[in-house]
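Colleague: So that we are looking at the same thing, I have put the structure below in structure tokens.
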Amino acid sequence: KTSAIWSVVFALVAIGLYILIRFRNIAYSAGSVAALTSDTLMILGAYSLCWGWMPFSLEIDQAFIAAILTVVGYSINDTVVVFDRIRETIALYPKRDRYQVINDALNSTLCRTFNTSLTTLVVVLCIFILGGSTIRSFTFAILLGIIIGTYSTLFVATPIAYELQKKKINKKAAAEKAGK
């Protein structure tokens, strides 16, 4: 159990550092780590709520940890796509309001995000229904992770990155105003 917790924590820290290096902005790193932590905790909470009344095992075992790490990888991929589009849109329109830029970037990736999530969801749902009882717990966690990961990319990671960037922009504007 301790090794499993450390593996998830290590994965979150490593991903946070990767996002920090890739985007060179702590706001993206903080948003992505918060979203991934949210994903992990929500899946763990769903397992806890469903334990005892689901017709299959919801044990926290190696398969569950593998599912959590898979969900973390899936979710961060989606988040990176959205953050890349935000970065591209900011480069195209540097003077435009940051809220509008992020909103435009989210809207431009929304169709891709939902299509990817929906097609993955259909495949994993088929495996959940038609697969054996030994894989059912794993695919249940993946199903939850696809839904929760998509949600967290759009409604956790991006808003946190926006809020942190907004604070930085406001401080910079205040410093320029005070210098004039």
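Colleague: Please name all residue pairs, on different chains or six or more residues apart, with Cβ atoms under 8 Å, provided the first residue is in the range 96-122 and is more than 16 Å from Phe83 (Cα to Cα) and the second residue is open to solvent by 90 Å² or more (accessible area, probe 1.4 Å) and modelled with pLDDT of 90 or more.
Modeller: That search, which allows pairs on different chains as well, returns Ser117/Ile147; Leu121/Ile147.
Colleague: Which residues, counting only those in the range 8-37, are surrounded by fewer than 20 Cβ atoms within 10 Å (Cβ to Cβ), within 13 Å of Leu164 (Cβ to Cβ) and of a type in the set (Val, Ile, Thr)?
Modeller: Ile26
Colleague: Hey, does the range 39-55 have a residue that's within 25 Å of Ile127 (Cα to Cα), open to solvent by less than 70 Å² (accessible area, probe 1.4 Å), in contact (Cβ under 8 Å) with a residue 60 or more places away in the chain and not in a helix (DSSP H, G or I)?
Modeller: Checked the range 39-55: at least one residue is within 25 Å of Ile127 (Cα to Cα), open to solvent by less than 70 Å² (accessible area, probe 1.4 Å), in contact (Cβ under 8 Å) with a residue 60 or more places away in the chain and not in a helix (DSSP H, G or I).
Colleague: Take the range 1-24 and flag every residue that is modelled with pLDDT of 90 or more and outside any helix (DSSP H, G or I).
Modeller: Passing the criteria: only Arg24.
Colleague: Being within 20 Å of the chain's Cα centre (by Cα) and of a type in the set (Val, Ile, Thr) is the filter; apply it to the range 124-150 and report the residue that is farthest from Ala63 (Cα to Cα).
Modeller: Thr150
Colleague: Taking interchain pairs and intrachain pairs at least six residues apart, which have beta carbon atoms under 8 angstrom, with the first residue in the range 156-180 and among the basic types (Lys, Arg) and the second surrounded by 15 or more Cβ atoms within 10 Å (Cβ to Cβ) and assigned to a helix (DSSP H, G or I)?
Modeller: That search, which allows pairs on different chains as well, returns Lys166/Arg98; Lys168/Ala27.
The values are calculated or read from the model by the stated rules, or taken from the named source; none is laboratory data. As the structure is a computational prediction, the values presented were derived from the model and not from experiment. Ideal geometry is used to build each Cβ from the backbone, glycine not excepted, and the neighbour counts take in all protein chains shown. These accessible areas exclude ligands, DNA and RNA; they are computed on the full protein's heavy atoms, side chains included. Shrake-Rupley method; radii C 1.70, N 1.55, O 1.52, S 1.80 Å.
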